[in-house]
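A short worksheet on the structure shown next.
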Amino acid sequence: MIQGKKAGEKRVLPGQKSAELFLLRNRYIPRGVFQIAPIFIEKGCGALVEDVDRNQYIDFCAGIAALNIGHCNSEVISAIKEQVDKHLHVCFHALMYESHVELAKKLTEITPGDFSKQVLLTNSGAEAVENAVKISRRYTGRHGIIAFEYAFHGRTALAMGLTSQVKYYKYGFGPFDSGVQRFPYPYYYRAPFNTTESDYAKYCIERIESSFRTYSPAEEIAAIIVEPVLGEGGYVVPPQEFLTGLRKICDDYKILLIADEIQSGMGRTGKMWAINHFDVTPDILLSAKSLGGGLVLSATIGKKDIMDTVDIGGIGGTFGGNPLSCVAALKTLEVIEKNKLVDRAANLGQIVKGRLNALKEECEIVGDVRGLGSMIGLELVKNRSTKEPAPEETGEIRRKCYEHGLIIMSCGVYHNVIRIMYPLTIKEDELEIGLGILENAIREVNAA
Ligand SMILES: Cc1ncc(COP(=O)(O)O)c(C=O)c1O
């Protein structure tokens with residue numbers, strides 16, 4: 001029984017217990033670890049969360065797209081509990097266990113590419129990114145890595161160099177990896193000149209090709225790393241020509257294509273992997289976040305001949321692909337398949353996009369509604385014609401959502417994109433309440 005406020009009801013934040021814990025947080029946790037709200041969770045179930053003051057929330061954030069199957073899926077919990085009674089940790093380098101190889105096999109089967117693959121299991125998304133770079137360099141014998149504007153690939157030293165957003169992911173942390181070169185990503189809504197989507201994508205591709213004449217030769221480039229749909233950069237879907245163009249450059253110049261599906265994968269976009277929408281096959285695909293069903297796990301999945309070039313001992317780690325995470329991931333994949341969550345992502349996304357497009361007609365502040373499946377972004381602007389970003393208004397909308405029991409996050413280089421990433425298991429009435437809270441918050445801020 002909810003003793004505090006139900007989702008939809010206004011509450012004062014933080015509640016008393018959260019406020020007390022927040023004092024401890026401020027005392028013992030560095031401020032660099034950002035928070036979007038001063039709330040401490042007590043428990044979660046599906047798309048619902050209860051805080052320590054017994055207030056209920058609908059979760060449109062899902063641990064930053066890491067809970068596509070929702071909070072505390074009962075089948076995943078049972079698989080974890082069963083494993084807890086057997087063994088917790090041995091380190092795959094010391095003793096092997098079945099779930100690790102079973103998961104690797106499964107991942108080779110469900111990723112694009114009709115060729116032999118191998119899988120490296122690690123812990124965080126950034127670790128998968130770092131390993132993809134290491135493996136690409138070892139395989140090609142080249143050092144250059146092409147990444148894009150607006151990209152986010154993680155916070156560790158090398159991954160941070162691939163990440164584009166300066167404040168606050170990179171600010172004061174340089175120097176970065178000297179092999180990284182950056183090119184424009186076709187973020188059409190913010191194209192700097194008048195063009196079509198398709199021509200803008202072709203321009204971005206041409207910029208890379210011409211750099212082989214003016215900047216550094218293609219023979220020095222090991223890999224291109226790309227998010228098939230931009231995550232932290234603003235939930236931007238590139239035109240088809242962009243990903244097809246990248247594949248062609250990679251084929252022409254023997255460069256590897258790495259698809260970072262850490263945020264966009266695991267069914268979120270209405271296909272298992274976002275790159276499936278474009279019918280492009282990467283040489284290496286990265287997964288993390290929702291892969292572990294709530295536990296830490298990441299995977300670097302690549303062509304066998306690429307993955308197998310690394311010398312013995314060159315990749316791995318103490319906890320990578322630990323037994324709990326592996327059984328959780330195997331069960332997570334089963335839950336996704338059994339409940340047809342990939343189709344559900346597509347269907348729910350259509351409903352949500354319809355509602356948000358209608359809101360765009362009504363509210364001047366909504367500049368753009370975009371996305372694939374249930375990976376949907378809402379870009380907020382102060383003025384539709386100048387497209388001046390509206391970060392303060394975005395923060396105000398977020399605050400109002402929290403006060404009415406909706407957990408929501410923003411993203412984008414201008415901090416003005418509301419991103420929607422509810423669990424794909426969300427019940428329709430929960431989705432309805434959540435959307436209602438969001439629409440009301442946007443209407444209120446639009447009218448102010
Ligand atoms: C596309 C993408 N790549 C890499 C990462 C880094 O993942 P992690 O935070 O698990 O290191 C993220 C995290 O948000 C991401 O969205």
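The values are calculated or read from the model by the stated rules, or taken from the named source; none is laboratory data. All figures in this text were calculated on a predicted structure; none of them were measured in a lab. FYI the Cβ positions are ideal-geometry reconstructions off the backbone, even for glycines, and counts take in every protein chain you see. SASA here: full protein model, heavy atoms, side chains in, ligands and nucleic acids out. Shrake-Rupley method; radii C 1.70, N 1.55, O 1.52, S 1.80 Å.
Annotation for D279 and E102: the two label points, set 7 Å from Cα along the Cα-Cβ direction, are 3.6 nm apart. Across all Cα atoms of the stretch 77-123, the radius of gyration (one decimal) and Dmax (whole number) stand at 13.0, 38 Å.
Scaled to the globular estimate 2.2 N^0.38 Å, the Cα spread of the stretch 35-148, given as radius of gyration, is 1.43.
Once the Cβ-Cβ distance of Y215 and R54 is raised to the sixth power relative to R0 = 41 Å, the FRET efficiency obtained is 0.10. Across all Cα atoms of the stretch 113-163, the radius of gyration (one decimal) and Dmax (whole number) stand at 12.0, 33 Å. When the surface is traced with a 1.4 Å probe over the full set of protein chains, E393 keeps roughly 50 Å² accessible. Compared with the alpha-carbon gap, the fully stretched path from E392 to R138 is longer by 86.9 nm at 0.36 nm per residue.
Averaged over residues, the count of other Cβ atoms within 10 Å places the peptides 372-379, 232-239 in the sequence 372-379, 232-239, highest first. Calculated FRET efficiency, K382 and F176, Cβ-Cβ r, R0 35 Å, to nearest 0.05? The formula returns an efficiency of 0.60 here.
Annotation: aspartates and glutamates with alpha-carbon distance below 12 angstrom to K5 (same-chain offsets under eight excluded): E50, D51, D53, E403. Pairs spanning more than 18 Å between alpha-carbon atoms, out of K271/K340; K271/K360; K254/K303; K105/K331: K271/K360.
Database remark: amide H of E232 closer than 5 angstrom to the amide H of F152 (H placed geometrically; neighbours at sequence offset of 5 or more, or on other chains; Pro and chain starts carry no H). Highest average first, the peptides 147-160, 182-195 ordered by how many other beta carbon atoms sit within 10 Å of their residues are 147-160, 182-195.
Between I284, I262, I145, which gets the highest mean-square fluctuation from a Gaussian network model of the chain, Cα cutoff 10 Å? Residue with maximal mean-square fluctuation among I284, I262, I145: I145.
Note on C72 and R207: with the Förster distance fixed at 56 Å, the Cβ-Cβ geometry gives a FRET efficiency of about 0.75. Fully extending the segment from N357 to I29, taken as 0.36 nm per residue of separation minus the present Cα-Cα distance, adds 114.1 nm. Summing charges over neighbours of G233, with a neighbour being any other residue whose Cβ is under 14 Å away from its Cβ, gives 0 when K and R count +1 and D and E count -1. For the stretch 276-283, 3J(HN,Hα) computed residue by residue from phi via the Karplus equation (6.51, -1.76, 1.60; θ = phi - 60°) reads 4, 5, 9, 6, 10, 9, x, 7 Hz, glycine and proline entered as x.
For the chain, a crude dipole built from +1 on the beta carbon of Lys and Arg and -1 on the beta carbon of Asp and Glu, taken about the Cα centre, is about 680 debye to the nearest 20.
Expressed to the nearest 5 percent, the antiparallel share of DSSP beta bridges inside the chain is 65 percent. Based on Cα atoms of the chain, Rg over Rh with Rh as the Kirkwood radius reads 0.96. Starting from the Kirkwood radius over alpha-carbon pairs of the stretch 92-211, derive D by Stokes-Einstein at 37 °C in a medium of 0.692 mPa s and give it in µm² s⁻¹. My calculation gives 192 µm²/s for D. When each of the peptides 94-101, 320-327 is scored by the mean number of other C-beta atoms lying within 10 Å of its residues, the order from highest to lowest reads 320-327, 94-101.
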